[in-house]
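Notes to accompany the following structure.
The values are calculated or read from the model by the stated rules, or taken from the named source; none is laboratory data. No experiment lies behind these values; they were computed from the predicted model shown. Here the Cβ positions follow ideal geometry from the backbone for every residue, glycine too, while neighbour counts run over all protein chains shown. The protein model used for the area step is the full one, side chains on, heavy atoms only, and it has no ligands, DNA or RNA in it. Shrake-Rupley method; radii C 1.70, N 1.55, O 1.52, S 1.80 Å.
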Amino acid sequence: MTIQHAADLLSSARRGLALTGAGVSAESGIPTFRGEGGLWTRYDPVKVASINYFMSDPAAYWKVSKERGGVALAAKPNPAHQALARLESEGHISAVATQNTDGLHQDSGSKRVIELHGSGRMVECLDCGHRESRAQVQKRLDDEMPPRCPACSGTFLKPTVILFGEPMPQVAVREAFDLAGQADVMLVVGSSLVVFPAAEVPLIAVRSGAAMIVINAEPTPVDRLAEVVIHGRAGEVLPEILRAMPISA
Ligand SMILES: [Zn+2]
């Protein structure tokens, strides 16, 4: 059966790579951008999450970001995050590449996390480069809109996430592509694989000989290339796979 097949593949994996997307964060209560009730059904994404919009009106950007940031900062890792941390600590996967910016993989103990869309935990002043935590900035948003840089009083404080119109983080993308090229097992979790560069990662892995496992609520464009496809909730499926793995394989 599929759970056992996935467990067997992962227990023999020594340099697996996991790729996670919004589905994993959604199970921690962070609404997806594209899904039902998602932020982008209420706002035009290219508008509110683009670098041009941010530069033209940081206050308008932050008014939207304040709401989402509050939810993300309060979120806790779920059993899918914990299962991935354990797969790494037991030596089956070497890293988690993620499209998520919420930092929940790090919170659950994953050591090597490749953030393909940057991190929402940090905020950078575009005028002077001063960095502070998002949590710190979040606290000021009731009194300060847009938030001001404590170092230079500038008003262009940008979360270190990749906005529309910004280049992808080269170092992270290269690292994910390299690990995909070396992977023995490619584990895709909670990503619909519709955006670059995430969509490219599993293709590189499979071309290089990795066996692929896909766990996602809905079908993905790479399902037909996978050895195992499980449509379900990551926080239920991954722990089930771990339970089916032999102890200290
Ligand atoms: Zn500054």
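What is the residue count in the range 15-44 for residues that are open to solvent by 60 Å² or more (accessible area, probe 1.4 Å), modelled with pLDDT of 70 or more and outside any loop (DSSP other than H, G, I, E, B)?
Count: 0.
Kindly provide the set of residues from the range 67-94 that are buried (at least 20 other Cβ atoms within 10 Å of the Cβ) and of a type in the set (G, A, S), ordered by number.
Matches in the range 67-94: G69, A72, A80, A83, A85.
Among the listed residues A244, A172, identify the single one that is among the small types (G, A, S) and open to solvent by 20 Å² or more (accessible area, probe 1.4 Å).
A244 is the lone residue from the list that is among the small types (G, A, S) and open to solvent by 20 Å² or more (accessible area, probe 1.4 Å).
Restricting attention to the range 118-133, which residues are of a type outside the set (A, V, I, L, M) and within 15 Å of F54 (Cβ to Cβ)? Full working, then the answer.
Step one: filter the range 118-133 for residues of a type outside the set (A, V, I, L, M), giving 118-121, 124-125, 127-133.
G118, G120, E124, C125, D127 - these are the residues of the range 118-133 that are of a type outside the set (A, V, I, L, M) and within 15 Å of F54 (Cβ to Cβ).
Within the range 141-169, take every residue that is hydroxyl-bearing (S, T, Y) and free of Cβ contacts under 8 Å to residues at least 60 places away in the same chain and give me the one that is most open to solvent (accessible area, probe 1.4 Å).
Only one residue tops the list, namely S153.
Based on what the data block shows, is V188 touching a Ser or Thr at 6+ places or on another chain (Cβ under 8 Å) and more than 16 Å from the ligand (Cβ to nearest atom)?
Details: touching a Ser or Thr at 6+ places or on another chain (Cβ under 8 Å): yes; more than 16 Å from the ligand (Cβ to nearest atom): yes.
Against the criterion (touching a Ser or Thr at 6+ places or on another chain (Cβ under 8 Å) and more than 16 Å from the ligand (Cβ to nearest atom)), V188 qualifies.
When only residues in the range 191-209 that are open to solvent by 10 Å² or more (accessible area, probe 1.4 Å) and modelled with pLDDT of 95 or more count, which is nearest to V24 (Cα to Cα)?
Only one residue fits best here, namely E200.
Can you tell me how many residues within the range 191-249 are within 17 Å of the chain's Cα centre (by Cα) and of a type in the set (D, E)?
Residues flagged as within 17 Å of the chain's Cα centre (by Cα) and of a type in the set (D, E) within the range 191-249 amount to 1.
Looking at L163, L141, L193, can you tell me which residue is among the hydrophobic types (A, V, I, L, M, F, W, C), more than 16 Å from the ligand (Cβ to nearest atom) and within 22 Å of L10 (Cβ to Cβ)?
Just a single option satisfies the conditions, and that option is L193.
Being out of contact with any Gly (no Cβ under 9 Å at 6 or more places or on another chain) and more than 28 Å from L238 (Cβ to Cβ) narrows it down to one residue among R112, R131; which is it?
Every option except R131 fails the conditions.
Which one is nearest to the ligand (Cβ to nearest atom) among residues in the range 99-122 that are touching an Asp or Glu at 6+ places or on another chain (Cβ under 7 Å) and in contact (Cβ under 8 Å) with a residue 60 or more places away in the chain?
Only one residue tops the list, namely T101.
Please find, within the range 123-136, the residue that is farthest from S65 (Cα to Cα) out of those that are open to solvent by less than 40 Å² (accessible area, probe 1.4 Å) and either modelled with pLDDT under 95 or within 12 Å of the ligand (Cβ to nearest atom) (or both).
Ranking the qualifying residues of the range 123-136, first place goes to G129.
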